[in-house]
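*Asks:* Okay, here's the structure, questions in a sec.
The values are calculated or read from the model by the stated rules, or taken from the named source; none is laboratory data. Everything numeric here is computed off the predicted structure, so don't read it as measured data. Every residue, glycine among them, receives a Cβ derived from its backbone with ideal geometry; neighbour counts consider all protein chains shown. Calculation scope for accessible area: heavy atoms of the full protein, side chains included, ligands and nucleic acids excluded. Shrake-Rupley method; radii C 1.70, N 1.55, O 1.52, S 1.80 Å.
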Number of protein chains: 2
Amino acid sequence: MAIFSKTCEYAIRAVFFIAHKTATGSRVGIKDIAQGIDSPEHFLAKILQDLSRKGLISSIKGPHGGFYIDTPALSRPLSEIVEAVDGNSLFVGCALGLKQCSEINPCPLHNEFKAIRNRIHAMLATTTIGSFNEELMEGLLSLKK
Amino acid sequence: MAIFSKTCEYAIRAVFFIAHKTATGSRVGIKDIAQGIDSPEHFLAKILQDLSRKGLISSIKGPHGGFYIDTPALSRPLSEIVEAVDGNSLFVGCALGLKQCSEINPCPLHNEFKAIRNRIHAMLATTTIGSFNEELMEGLLSLKK
DNA sequence: TTAATAAAAGATATTTTTGTCTTTTATTTT
DNA sequence: AAAATAAAAGACAAAAATATCTTTTATTAA
């Protein structure tokens, strides 16, 4: 099992992709994004529509339209994307799927896993959507293959 | 998204359950296990058959039969269960699903996530199947709800 | 050696995730 | 206004994960 759903993997990669394209001043169409992150175009379209509805990314229809991310949104944490797509179970859920797992009713992995969960959350909460724009423009980081 | 598949959650809970029953000297039937960890009986049966085929747990058919875990297997790491069920992608895979993500071709989250992956693996590699037998017998840990 | 027990195996069903294709709506340019 | 562009929305399809039910096989006990 991967840590994120396929949907969420595509969402994160697309958001990074759009962010760094926006940083160069241009909007970007679904076709370019899908090809830039190697994802199925129409499936990605659904995901971006959803993120757009939730106000995490922006879009404009028609000629010279496309997706972009406005400046304030560039400093939002990646955790908001993950939460919008996969929910917050990765941040708060029990490793063994127990609904009532807690300090006073712990599963065997509770304490260890809580620390891991927190670390995952910390990683996503401290990296912003625009964090990697420079490295992406320089081609130092990969979003496909 | 949860960190493990449902199948894997059931597998881990069942293995802990069988381990601590074994520690009390008795074999345990699928019905008792399913009820002891609050899982669908027949679905769990499949999972245990698989673990049994792979030699991670043992079983005996017929009256007074049931599942058990022999002494050497009690000190096996939990990571073997996880790997048998969910594969090793949680331990080695890229957070963004990129097949070729690596030191020399990293995704944006590569370094941070590698540390997290390693920590997850460490947790599972250092906890053995029998680790929690005492606390389970004393009712200090939960495997259901 | 028959009946009872319990896991193994097989077949099927449901739900969720992932992916594709088509139509509609908004916007811009000619 | 008409044509072109591009996202939004809707309908549908395939695959994978989860779940249920039935039959078979192995073992034990009467």
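*Asks:* So which residues in the range B:121-145 are free of Cβ contacts under 8 Å to residues at least 24 places away in the same chain and on the phi > 0 side of the Ramachandran plot, if there are any at all?
*Replies:* Result: B:G139, single match.
*Asks:* If you don't mind, another one. Looking at the range B:20-46, which of its residues are over 22 Å from B:G87 (Cα atoms) and away from DNA strand C (no atom under 13 Å from the Cβ)?
*Replies:* B:H20, B:A23, B:T24, B:G25, B:I37, B:D38
*Asks:* So, one more: Condition check: modelled with pLDDT of 95 or more, within 14 Å of another protein chain (Cβ to nearest Cβ) and open to solvent by 10 Å² or more (accessible area, probe 1.4 Å). Does B:G36 satisfy that?
*Replies:* When the stated conditions are applied, B:G36 passes them.
*Asks:* Collect the residues in the range A:29-59 that are within 11 Å of DNA strand D (Cβ to nearest atom), in contact (Cβ under 8 Å) with a residue 40 or more places away in the chain and either among the hydroxyl-bearing types (S, T, Y) or within 25 Å of B:Q100 (Cβ to Cβ) (or both), keeping them in residue-number order.
*Replies:* A:I47
*Asks:* Which pairs have Cβ atoms under 9 Å, sit 6 or more apart or on different chains, and link a residue in the range A:95-120 that is at positive phi to one that is among the small types (G, A, S)?
*Replies:* Matching pairs, first to second residue: A:G97/B:A2.
*Asks:* Also, quick follow-up: Please specify each residue of the range A:93-145 satisfying the condition of being part of a helix (DSSP H, G or I) and open to solvent by 50 Å² or more (accessible area, probe 1.4 Å).
*Replies:* A:N111, A:E112, A:K114, A:N118, A:R119, A:H121, A:T126, A:E134, A:E135, A:M137
*Asks:* Is it the case, given these coordinates, that B:V15 is touching a residue at least 60 places away in the same chain (Cβ under 8 Å) and out of contact with any Phe, Trp or Tyr (no Cβ under 9 Å at 6 or more places or on another chain)?
*Replies:* The answer is yes for B:V15.
*Asks:* Right, next: Which of the residues spanning the range A:3-29 are open to solvent by 40 Å² or more (accessible area, probe 1.4 Å) and either within 9 Å of chain B (Cβ to nearest Cβ) or within 20 Å of A:L74 (Cα to Cα) (or both)?
*Replies:* Of everything in the range A:3-29, those that are open to solvent by 40 Å² or more (accessible area, probe 1.4 Å) and either within 9 Å of chain B (Cβ to nearest Cβ) or within 20 Å of A:L74 (Cα to Cα) (or both) turn out to be A:K6, A:K21, A:A23, A:T24, A:G25, A:S26, A:R27.
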